[in-house]
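See structure below.
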Amino acid sequence: MTPTPVIRYRNTHKAFNHPVLSGVDLDIHEGEMFALFGPSGTGKSVLLKTTIGLVVPDRGDVEVGGRSVYFGAAGAMEAVRQQVGYVFQHAALFDSLNVYGNVEMGLPMDRIRRMSRADVARAIRRALELVNLDPDAVLSILPAELSGGMKKRVGIARAIVGRPAILLWDEPTTGLDPVNTAAVERLIKRLSDELRVTSVLVTHDVEGALWMCDRVAMLEGGRIRFCGTPDEFRISSDPVVRAFVDRAAAEAALDVVEMS
């Protein structure tokens with residue numbers, strides 16, 4: 001049985017001062033955990049952001065749940081955004097809002113209007129509990145009072161509070177030490193399984209992603225250079241992929257040495 005594609009990138013192009021995406025074609029299957037690799041500057045985060053219109057492609061399209069993000073009917077992009085939770089690279093919390101206010105921002109406004117304040121509070125508390133934060137201890141705290149790891153978790157709570165069908169993870173472990181990186185990756189895997197969502201993970205931590213993802217892809221030169229299982233990625237004979245895998249393994253080994 002052919003897996004159902006829940007996200008489809010179709011001939012997706014984007015240039016800034018130079019071409020970044022040069023015709024990306026890629027299907028993400030329903031319910032899978034998918035990782036996107038590639039050297040810095042190859043457009044991984046740009047591709048992720050085209051999924052919900054944070055970056056608009058110059059050419060091509062993105063489909064989510066069979067709905068065109070850019071050529072659909074009026075309101076198509078807003079409908080897509082209500083299905084998707086986005087975890088930003090640096091948490092992107094609002095400095096002037098406490099944890100309660102930041103997580104509440106993840107609830108669509110039309111849904112908040114239909115909810116009682118008690119229901120909103122319960123949803124926020126549940127989201128914080130899912131990311132292993134004690135609501136009573138953090139709800140009134142401002143982001144400046146949180147550690148780096150806690151900020152990441154609040155950002156994840158904001159992404160999941162609306163119970164989306166899709167989670168997009170944009171470098172969720174950036175800036176964390178190896179211990180916290182491993183903790184956040186375990187959390188990502190657990191949430192993806194428990195919430196039964198489709199997850200797309202952009203990450204520089206190749207080894208960490210390979211153990212938890214169903215499939216992976218590598219962007220190079222603005223296009224998909226490789227797409228397959230983690231085992232296929234590890235043993236690929238493509239010289240560009242091989243060099244990337246070897247470099248990632250060497251960096252992972254260096255992290256272990258620095259921790260010891």
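The values are calculated or read from the model by the stated rules, or taken from the named source; none is laboratory data. Since the model is a prediction, treat every value here as computed from it, not as a measurement. For neighbour counting, all protein chains shown are included, and Cβ atoms are generated from backbone atoms with ideal geometry for every residue, glycine included. Heavy atoms of the whole protein, side chains included, go into the accessibility calculation; ligands, DNA and RNA do not. Shrake-Rupley method; radii C 1.70, N 1.55, O 1.52, S 1.80 Å.
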Inset, instruction - Roll a 1.4 angstrom probe over the protein heavy atoms and tell me the percent of accessible area of region 111-248 that is carbon or sulfur. - result: 50 percent
Inset, instruction - Subtract the Cα-Cα distance of residue 229 and residue 114 from 0.36 nm times their separation in residues, and report this length gain in nm to one decimal. - result: 37.2 nm
Legend entry - Mean accessible surface per residue for the chain, computed with a 1.4 Å probe while every protein chain stays in place, in Å²: 48 Å²
Inset, instruction - With a/c under 1.5 counting as rounded, go ahead and sort region 27-106 into rounded, prolate or oblate using the C-alpha gyration tensor (a ≥ b ≥ c being the square roots of the eigenvalues; past the cut-off, prolate if a/b is larger than b/c, else oblate). - result: oblate
Legend entry - Shape of the chain, Cα gyration tensor, a/c cut at 1.5: oblate
Inset, instruction - Grab the beta carbon distance between residue 105 and residue 59, set R0 = 30 Å, and tell me the FRET efficiency rounded to 0.05. - result: 0.40
Legend entry - FRET efficiency, residue 122 to residue 71 (Cβ-Cβ, R0 41 Å, nearest 0.05): 0.60
Legend entry - Centroid-to-centroid separation of region 39-102 and region 109-156 [C-alpha atoms, Å]: 21 Å
Legend entry - Partner lysines for residue 152 [C-alpha distance under 20 Å; skip if fewer than 8 residues away on the same chain]: 44, 49, 189
Inset, instruction - Filter the DSSP H helices in the chain by two things, a Kyte-Doolittle mean of at least -0.5 and an axial alpha-carbon span of 27 angstrom or more, and list the hits by number. - result: 239-259
Inset, instruction - Mind giving me the nanometre distance, one decimal, between the label points for residue 11 and residue 79, set 7 Å out from Cα along Cα→Cβ? - result: 2.4 nm
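Where both partners of a DSSP beta bridge lie in region 89-230, what percent of those bridges are antiparallel, to the nearest 5?
Values: 5 of 10 bridges.
That works out to approximately 50 percent antiparallel.
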Legend entry - Residue among 127, 76, 91 with the largest mean-square fluctuation in a Gaussian network model of the chain, springs linking Cα atoms under 10 Å: 76
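Among DSSP bridges having both ends in the chain, what percentage is antiparallel? Round to the nearest 5. Write out the running numbers ahead of the final one.
Numbers: 20 of 37 bridges.
Of the beta bridges lying entirely in the chain, close to 55 percent run antiparallel.
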